[in-house]
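Accompanying notes for the structure given below.
The values are calculated or read from the model by the stated rules, or taken from the named source; none is laboratory data. For clarity, every value in this text was computed on a predicted model and none was experimentally measured. Here the Cβ positions follow ideal geometry from the backbone for every residue, glycine too, while neighbour counts run over all protein chains shown.
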Amino acid sequence: MAISERRRLAFTAIAVILVGIITGFILGSVLTSGAPPTKTFNIVAYHWGYALYDEDWNEIEQIEVKRGTTVRLVAIPAYALSHEIQEGFHERVLEKGFGDYPPGDPRIHDLMEAAHEDPELSSHGVFIAQLNVDLSPDGKASTLEEAIDSVEFTTDAIGTFDISCSVFCGVGHESMILEGAFVVR
Ligand SMILES: [Cu+2]
């Protein structure tokens, strides 16, 4: 065997080994990059209702995760957002009505105004009994940064759970419930 041919074989062998090592490193780092990433969801609480969003702020009907997922749930009181956004939520309440107040009932507007002016009624909670989640944002905070509250938890129980309000927030408090909005598969 000529020397140049042996050298070529040796180079090929080294190249194959190097590619093997690099592939091993890449695969290893992908496979051992740890637990599944934490999933973040945002929930805006307003008088009287909730709006759910994924981490990119696309509005969603429900939160759906696999069992064992670590969830970061960020609660944001609507009053910490812009006036325009708050108006949008007010429109939703007017359109849907609540309790004894039918859709479009003009009294709804006055009730919402009254709730906003009463500091005792300015907080909302985010409560999911089966998952031990109970967030109660500070109703007196005036900026988004101070007002948001979050909780991180791992979803151990499979099921469909309600999200409801754990802080009395006025006449519409009872209607602050998202039935079956948190699904663990
Ligand atoms: Cu409430």
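Only strands (runs of 3 or more DSSP E) whose full extent lies in region 40-141 are considered here, and the ones with at least 2 residues that are over 14 Å from Leu178 (Cα atoms) and in the same structural domain as Asp156 (by TED's automatic domain parsing) are 70-77, 133-135. Return yes when Asp134 is at pLDDT 95 or above, within 21 Å of the chain's Cα centre (by Cα) and either surrounded by fewer than 15 Cβ atoms within 10 Å (Cβ to Cβ) or closer than 19 Å to His173 by Cβ (or both) and no when it is not. In short, no.
Of all residues assigned to region 10-26, at least one qualifies as being of a type in the set (Gly, Ala, Ser), modelled with pLDDT of 70 or more and either under 21 Å from Thr154 (Cβ atoms) or not assigned by TED's automatic domain parsing to the domain that holds Asp110 (or both).
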